[in-house]
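Taking it in order: structure first as structure tokens, then the write-up.
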Amino acid sequence: MSASYAFSPAAISTIPVTGKDAVFPVRRIYCVGRNYVEHAQEMGFSGREAPFFFCKPSDSIVPVAYGETVSIPYPSETGNLHHEIELVVAIGKGGKNIAEDQAAKHIFGYAVGLDMTRRDLQMDLRKAGRPWELGKAFDQSAPIGPIHTIETTGEIARGAIQLAVNGEKRQSSDITKLIWNVNETIAYLSKYFELQPGDLIFTGTPEGVGAVKPNDLMTGSVEKLGEIRVKIC
Ligand code: MN
């Protein structure tokens, strides 16, 4: 006899897939830190380090449909909420010790995502040598647009990545400027974790991160993946 749940389990977070009825079920969210030289520099580092990772909970996802403006609450216990626009890689085939030249075979697709950050808490935790969860892994900290399958986009190794706040450009770079490109990131991460279908990798943000406040509208895009609109309420 199988045991019943003591209460209903939480729903699986899902992301719409452009051109398909099926949605992408999210398993884990891995995020790369300081993966553009000029962002590493604005954070006080040289940009020459090995990749490092942190995670967000799968239910921190907030799906954002194109043409729609989604509101997220200004999180508690911060006075310095930052935007980080990122290319997100969605994994469709699992694996460990994945070779760089095989990495693309594990990609289901791509999306535009925001790694929202309580910068004040993250900096305090960083200084104290403590984990970053309070700064990075809070509720609704990962707004994300629809996933575009790799069949429709091809491998994304270049293209503009941008973010504006209230129409004013804040972040503007190119995917070619990733320190650890997508294939290298998948290869490196898969040495430490067995990747599984449903995993997301936030690949890092370019320079120009900054604060947003209630009523600000963020407009973020990656070439080929369209634009997402997220408002702070
Ligand atoms: Mn980030």
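A compact table of results
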{"quantity": "Single residue of 123, 116 found to be within 16 Å of the ligand (Cβ to nearest atom) and either free of Cβ contacts under 8 Å to residues at least 24 places away in the same chain or over 15 Å from the mean Cα position of the chain (by Cα) (or both)", "calculated": "123"}
{"quantity": "So residue 93, is it open to solvent by 60 Å² or more (accessible area, probe 1.4 Å) and in contact with a strand residue (DSSP E or B) (Cβ under 8 Å, 6 or more places away or on another chain)", "calculated": "yes"}
{"quantity": "Unmet requirement for residue 170, which otherwise passes all of (1) away from the ligand (no atom under 16 Å from the Cβ); (2) of a type in the set (Lys, Arg); (3) within 25 Å of residue 72 (Cα to Cα)", "calculated": "(1)"}
{"quantity": "Residues of segment 79-90 that turn out to be away from the ligand (no atom under 16 Å from the Cβ) and open to solvent by 10 Å² or more (accessible area, probe 1.4 Å), as a count", "calculated": "1"}
{"quantity": "Subset of segment 184-222 (residues that are in a strand (DSSP E or B) and either within 16 Å of the ligand (Cβ to nearest atom) or under 18 Å from residue 172 (Cα atoms) (or both))", "calculated": "200, 201, 202, 210, 211, 217, 218, 219, 220, 221, 222"}
{"quantity": "Filter result for residue 68 (away from the ligand (no atom under 16 Å from the Cβ) and among the acidic types (Asp, Glu))", "calculated": "yes"}
{"quantity": "Filter result (open to solvent by 80 Å² or more (accessible area, probe 1.4 Å), in a loop (DSSP other than H, G, I, E, B) and among the acidic types (Asp, Glu)) within segment 1-50", "calculated": "21"}
{"quantity": "Among the residues listed as 144, 175, the single one being within 16 Å of the ligand (Cβ to nearest atom), under 22 Å from residue 42 (Cα atoms) and among the β-branched types (Val, Ile, Thr)", "calculated": "175"}
{"quantity": "Of the criteria (1) modelled with pLDDT under 95; (2) open to solvent by 20 Å² or more (accessible area, probe 1.4 Å); (3) under 18 Å from residue 181 (Cβ atoms); (4) within 16 Å of the ligand (Cβ to nearest atom), which one residue 53 fails", "calculated": "(1)"}
{"quantity": "Counted residues, segment 129-155 - those being touching a helix residue (DSSP H, G or I) at 6+ places or on another chain (Cβ under 7 Å), open to solvent by less than 10 Å² (accessible area, probe 1.4 Å) and either farther than 15 Å from residue 118 by Cα or not in a strand (DSSP E or B) (or both)", "calculated": "3"}
{"quantity": "Residue check for residue 111: of a type in the set (A, V, I, L, M), away from the ligand (no atom under 16 Å from the Cβ) and not in a loop (DSSP other than H, G, I, E, B)", "calculated": "no"}
{"quantity": "Residue count, segment 114-127 (criterion: part of a strand (DSSP E or B) and open to solvent by 20 Å² or more (accessible area, probe 1.4 Å))", "calculated": "1"}
{"quantity": "Matching residues, segment 149-171, being β-branched (Val, Ile, Thr) and more than 16 Å from the chain's Cα centre (by Cα)", "calculated": "149, 150, 152, 153, 165"}
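The values are calculated or read from the model by the stated rules, or taken from the named source; none is laboratory data. Remember, predicted model here, so these are calculated numbers, not experimental data. A quick note on method: Cβ atoms are made from the backbone with ideal geometry, for glycine too, and the neighbour counts reach across all protein chains shown. The area values use the complete protein model at the heavy-atom level, side chains included, leaving out ligands, DNA and RNA. Shrake-Rupley method; radii C 1.70, N 1.55, O 1.52, S 1.80 Å.
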